[in-house]
Amino acid sequence: MELGDLDAKATLAVAEGEVPERRRQGVERLLLLQHWADLHAEDPQARPGAVPVSRGGDRLVRLGGEGTPLAAELCWAELAIAFETGAIALRNQAGQALDLRHRLPLLWALVQELRVEPWVGQKVAAMTRELTREQAAIVDAAVADAAAESPGRLLAIAEAKTIEADIEGYRTRLAEEAKRTGVWVSRPKAGDLVDAEEGEPGTGRMSAKLPLTEVVEGAAMVDDVAEVLAVHGDHDPDDPPTRDQLRAQAFALLVTDPHAAAALLDQADAPPSPETEDREPAPVPKRKRRPATLLVHLTDQVLRVQVGGVARVEGLGPVLLEQVADLLKHRQVTVQPVIDLNSGHSVNGYEHPTAVKLRTRLRTVYDVFPHSTSRATARLDHDHPTPYDPDGPPGQTGDHNDAPLTRFHHRAKTHDRYTVDQLGLGAYRWVTRHGLARVVTPRGTKKVQLIRARDGTITGEIYRDARIDIDYPRRT
């Protein structure tokens, strides 16, 4: 059947069918790389008349991590020609394929079962390259247990477990990485001046690589200067600058004229003088050190020092506990009560209270639209999965009826005939207008088959993967 003959529902079915096919092709490529390595496992130096390595002859090298087999170094050039790609990139992919087979067998099995994207498996393989075989097994088990997660969440878990598996090695890498800081100016590429979609005419990019604590402090300083510029900058009142533009102006001022930036900040801090206290001065925002608000996710095992000290900080990702301490240096620290994500609260008004929003964001981790990779932040909309009824019963707003969504996903849900049922704290069942059904939890998005009553009412769902459980209370 021609694509032009397909209606919307049939087109969605084709798109769903493309996913396993794409993954199958990725698996076949990895198998081919492994097979090519097996075909070239013989030591080239053992062949009669072999050219010595000192004169450029071929040799066995290890492309993967500890525990992977050796393969001839020069054989990859020919396979790269067949693939129409670069030999270095192909060698790196081969190392990842061998890592999966020999160091991450649980993940490799999931990739072959088409349950995990091949590129995700390769990313985890590259991430764990420096670990020992035993340390890689820790990551392998954790990633396999989270196989139902979205790619972004799966990689975040792998990243945290990679740190946890070799904390001392990670500390060493932190010290080495601290020496590789710098500031770079990007060079424009051909077409940047006129490309309507990706071009950036008349602008440039400057990037800096700094220790984490200096990045956090530097961002706060840019915000401080931007706030003062918002009041005292030379702006067109009919076209005021956006927050991003103010931050760009502040950054440029700090870099190009730090004395002017310091004078601007001093002006915000200075008390009124006898000459000016009787005048009506322009309002100057009082600059003050922002309080440090860190939301740190810790397990009871970390608190009991049963496992290594790795925490997940909102907005920063997995960090060592000593890095958390560095982030709090020179700050007045106020320890807030532990946020219990198993509790709930409801109110009678339409707006979700701040405490409810915070619990939901921490509980869901991401925007709860199916397969979304947008992290749950304070800027997301908090939608009522069960629409709010002004004339309805009390307690309609709360943890039990709160779905954080990006504005685009919120609009799609509202205007494109999606239905959403919140099945419990952090669990949401979505049905599109063409019948695609998904259940979203903090462990990812699951494809489900709906169970319907004779009148068409949805009464439940069937999970295609028997290993998937939803550990959330269901509404009745």
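Take the conditions at pLDDT 80 or above and loosely packed, with under 12 Cβ neighbours inside 10 Å and apply them to T364. Does it pass?
It is false that T364 is at pLDDT 80 or above and loosely packed, with under 12 Cβ neighbours inside 10 Å.
Restricting the first residue to the range 40-65 and requiring it to be closer than 26 Å to L131 by Cα, which pairs with a second residue that is surrounded by 11 or more Cβ atoms within 10 Å (Cβ to Cβ) and acidic (D, E) meet a Cβ separation below 6 Å and a spacing of at least six or different chains?
Final answer for the pair search is R59/E73; L60/D43; V61/E73; G64/D99; G65/D99.
From L3, L90, grab the single residue that is exposed (fewer than 13 other Cβ atoms within 10 Å of the Cβ) and among the aliphatic types (A, V, I, L, M).
L3
Considering the range 237-261 alone, what residues qualify as being among the charged types (D, E, K, R) and either in contact (Cβ under 8 Å) with a residue 40 or more places away in the chain or open to solvent by 80 Å² or more (accessible area, probe 1.4 Å) (or both)?
Once the filter is applied, which keeps residues that are among the charged types (D, E, K, R) and either in contact (Cβ under 8 Å) with a residue 40 or more places away in the chain or open to solvent by 80 Å² or more (accessible area, probe 1.4 Å) (or both), the range 237-261 yields D238, D239, R243, D244.
Just to be sure I understand, how many residues within the range 375-396 are closer than 18 Å to L295 by Cα and touching a Phe, Trp or Tyr at 6+ places or on another chain (Cβ under 7 Å)?
Qualifying residue count, the range 375-396: 2.
Just the residues that are farther than 26 Å from V139 by Cβ and open to solvent by 50 Å² or more (accessible area, probe 1.4 Å), please, taken from the range 9-35.
Listed by number, the residues that qualify are K9, T11, L12, A13, V14, A15, E16, E18, E21.
Please work out if R304 is modelled with pLDDT under 75, open to solvent by 50 Å² or more (accessible area, probe 1.4 Å) and either of a type outside the set (A, V, I, L, M) or closer than 17 Å to E159 by Cα (or both).
On the way: modelled with pLDDT under 75: yes; open to solvent by 50 Å² or more (accessible area, probe 1.4 Å): yes; either of a type outside the set (A, V, I, L, M) or closer than 17 Å to E159 by Cα (or both): yes.
So R304 passes the test.
Please go through (1) open to solvent by 30 Å² or more (accessible area, probe 1.4 Å); (2) at pLDDT 85 or above; (3) over 28 Å from A147 (Cβ atoms); (4) in contact with a helix residue (DSSP H, G or I) (Cβ under 9 Å, 6 or more places away or on another chain) for P390 and return the number of the only condition it doesn't satisfy.
Going through the list (1) open to solvent by 30 Å² or more (accessible area, probe 1.4 Å); (2) at pLDDT 85 or above; (3) over 28 Å from A147 (Cβ atoms); (4) in contact with a helix residue (DSSP H, G or I) (Cβ under 9 Å, 6 or more places away or on another chain), P390 breaks only (4).
What is the residue count in the range 43-77 for residues that are assigned to a loop (DSSP other than H, G, I, E, B), within 30 Å of V124 (Cα to Cα) and out of contact with any helix residue (DSSP H, G or I) (no Cβ under 6 Å at 6 or more places or on another chain)?
First, the residues of the range 43-77 that are assigned to a loop (DSSP other than H, G, I, E, B): 43, 47-52, 56-59, 63-69, 73-75.
If we keep only those that are within 30 Å of V124 (Cα to Cα) as well, we get 43, 58-59, 63-69, 73-75.
Applying the additional criterion that residues be out of contact with any helix residue (DSSP H, G or I) (no Cβ under 6 Å at 6 or more places or on another chain) yields 43, 69, 73-75.
Total meeting the criteria: 5.
Answer yes if at least one residue in the range 266-286 is modelled with pLDDT of 75 or more and within 30 Å of V335 (Cα to Cα), and no otherwise.
No, every residue in the range 266-286 fails to be modelled with pLDDT of 75 or more and within 30 Å of V335 (Cα to Cα).
Being open to solvent by less than 40 Å² (accessible area, probe 1.4 Å), without any contact (Cβ under 8 Å) to a residue 40 or more places away in the chain, under 28 Å from V215 (Cα atoms) and out of contact with any His (no Cβ under 6 Å at 6 or more places or on another chain) narrows it down to one of V335, V324, so name that one. So that I can check it myself, show each step before the final result.
Values: V335 fails: open to solvent by less than 40 Å² (accessible area, probe 1.4 Å).
Every option except V324 fails the conditions.
Name the residue, out of A156, A178, that is open to solvent by 50 Å² or more (accessible area, probe 1.4 Å), among the hydrophobic types (A, V, I, L, M, F, W, C) and out of contact with any helix residue (DSSP H, G or I) (no Cβ under 9 Å at 6 or more places or on another chain). Steps first, please.
On the way: A156 fails: open to solvent by 50 Å² or more (accessible area, probe 1.4 Å).
Checking each option against the conditions leaves just A178.
What number goes with the only condition from (1) open to solvent by less than 20 Å² (accessible area, probe 1.4 Å); (2) under 22 Å from R24 (Cβ atoms); (3) in contact with a strand residue (DSSP E or B) (Cβ under 8 Å, 6 or more places away or on another chain) that V111 does not pass?
(3)
Looking at the range 408-420, can you tell me whether even one residue there is modelled with pLDDT under 90, open to solvent by 10 Å² or more (accessible area, probe 1.4 Å) and touching a Lys or Arg at 6+ places or on another chain (Cβ under 6 Å)?
The answer is yes; a qualifying residue exists.
Tell me which residues, restricted to the range 114-132, are in contact (Cβ under 8 Å) with a residue 40 or more places away in the chain and open to solvent by 30 Å² or more (accessible area, probe 1.4 Å).
Correct list: L114, R115, W119, Q122, R129, E130, T132.
The values are calculated or read from the model by the stated rules, or taken from the named source; none is laboratory data. Not measured: the values here are computed from a predicted model. Note: ideal-geometry Cβ built from the backbone for every residue, glycine included; neighbour counts use all protein chains shown. With ligands, DNA and RNA removed, areas are computed over all heavy atoms of the protein, side chains included. Shrake-Rupley method; radii C 1.70, N 1.55, O 1.52, S 1.80 Å.
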